[in-house]
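K.L.:
Take this structure first; my questions come after.
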Amino acid sequence: MPARLRKLDPAALATADTRALVKHYLAVLEERAPGRSVEVRVPPYAAVQVVPGVRHTRGTPPAVVETDADTWLAVATGRTTWAEALASGAVLASGERTDLSPYLPLDGEATGGAASG
């Protein structure tokens, strides 16, 4: 996992600011959905490449997910579903493999189908 992304311990998670929480949940996603076929962007905080498939190395990735910090934290913690966030336009997703619902939510022990384990 890149040094810029790191999972927080439970005590730090309880008092973390938005930047730290965004990076924490991107780190958890990177662990649960290893790969480099989809770039998940949460500007201005961080971006990560995840999901098994063709590796992206240069230029604009063929599969991109972008959202704001509040929406990312809502889907990561299960306060809203991936489908709800997409339908509302709060998440923009283009390209193959951009359905992150199998990996969500990322909070606690709750995981979706392919992400459990």
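The values are calculated or read from the model by the stated rules, or taken from the named source; none is laboratory data. The structure displayed is predicted, hence computed values, not measured ones. All Cβ positions, even for glycine, are placed from backbone atoms using ideal geometry, and neighbour counts span all protein chains on display. Just the protein is used for accessible areas: all its heavy atoms, side chains included, with ligands, DNA and RNA removed. Shrake-Rupley method; radii C 1.70, N 1.55, O 1.52, S 1.80 Å.
K.L.:
Each label point is 7 Å from the Cα along the Cα-to-Cβ direction; what then is the distance between the points at Val54 and Thr18, in nm?
P.N.:
The answer from the label model is 3.5 nm.
K.L.:
Quick one: which residues, 5 or more positions from Val91 or on another chain, have an amide H under 5 Å from its amide H? H modelled 1.01 Å from N in the peptide plane, none for Pro or chain starts.
P.N.:
Here the answer is Leu86, since their amide H atoms fall under 5 Å of that of Val91.
K.L.:
Give me the number: length gained by fully extending Ala87 to Ala11, i.e. 0.36 nm times residue separation minus the C-alpha to C-alpha distance, one decimal in nm. Mind dumping the intermediate values first?
P.N.:
On the way: separation 76, 0.36 × 76 = 27.36 nm, distance 3.39 nm.
Going from the current span to full extension adds 24.0 nm.
K.L.:
Sticking with this structure for a sec: Once you have the Cα-Cα distance between Ala47 and Asp68, take 0.36 nm times their residue separation minus that, and quote the gain in nm to one decimal. Kindly include the intermediate steps, with their values, before the conclusion.
P.N.:
Details: separation 21, 0.36 × 21 = 7.56 nm, distance 1.14 nm.
Answer, rounded to one decimal: 6.4 nm.
K.L.:
For the range 17-82, what does the alpha-carbon gyration tensor say about shape, rounded, prolate or oblate, given a ≥ b ≥ c as the root eigenvalues, a/c under 1.5 as rounded, and a/b over b/c as prolate?
P.N.:
Working: a/c = 1.91, a/b = 1.64, b/c = 1.17.
The shape class here is prolate.
K.L.:
Helix-only estimate, please: 222 nm mean residue ellipticity of the chain, summing -39500 (n - 2.57) across DSSP H runs of length 4 or more and dividing by its residues, to the nearest 500.
P.N.:
Numbers: 4 runs with 37 residues, N = 117.
Value at 222 nm, helices only: -9000 deg cm²/dmol.
K.L.:
Same structure, new question: Can you tell me which of Gly35, Gly78, Gly89 moves the most in a GNM of the chain? Springs connect C-alpha atoms under 10 Å apart.
P.N.:
Maximum among the listed residues: Gly89.
K.L.:
Ignoring any ligand, DNA or RNA, what whole percent of the accessible area of the chain comes from carbon and sulfur when the probe is 1.4 angstrom? Show your work: numbers first, answer last.
P.N.:
Values: 3210 of 6240 Å².
Roughly 51 percent of what the probe reaches on the chain is carbon or sulfur.
K.L.:
Calculate, for the range 19-99, the solvent-accessible area per residue in square angstrom, rolling a 1.4 angstrom probe over the heavy atoms of the protein chains.
P.N.:
With the other protein chains kept in place, the range 19-99 gives 48 Å² per residue.
K.L.:
Please check the chain for the longest run free of GluC sites (Glu not before Pro) that are loop-located per DSSP (anything but H, G, I, E, B) and have at most 13 other Cβ atoms within 10 Å. The partial results should precede the final answer.
P.N.:
Values: sites that count: Glu96, Glu109.
For GluC sites (Glu not before Pro) (loop position, at most 13 other Cβ atoms within 10 Å), the longest site-free span of the chain is 1-95.
K.L.:
Sum up the charges of everything whose Cβ sits under 13 Å from the Cβ of Leu86, counting Lys and Arg as +1 and Asp and Glu as -1, but leave Leu86 out.
P.N.:
Details: positive: none; negative: Glu66, Glu84, Asp99.
My count for the surroundings of Leu86 gives -3.
K.L.:
Shape verdict for the chain, please, from the Cα gyration tensor: rounded (a/c under 1.5), prolate (a/b greater than b/c) or oblate.
P.N.:
Numbers: a/c = 1.38, a/b = 1.26, b/c = 1.10.
Since a/c stays below 1.5, the shape of the chain is classed as rounded.
K.L.:
Separate question: Springs between alpha-carbon atoms under 10 Å, Gaussian network over the chain: tell me which of Ala11, Ala63, Ala76 tops the mean-square fluctuations.
P.N.:
Result for the chain, Cα springs under 10 Å: Ala11 fluctuates most.
K.L.:
Let me ask you something else. For helix 18-32, report the angle its Cα long axis makes with the longest principal axis of the Cα atoms of the chain; keep it between 0 and 90° and round to the nearest 10°.
P.N.:
Approximately 60 degrees, to the nearest ten.
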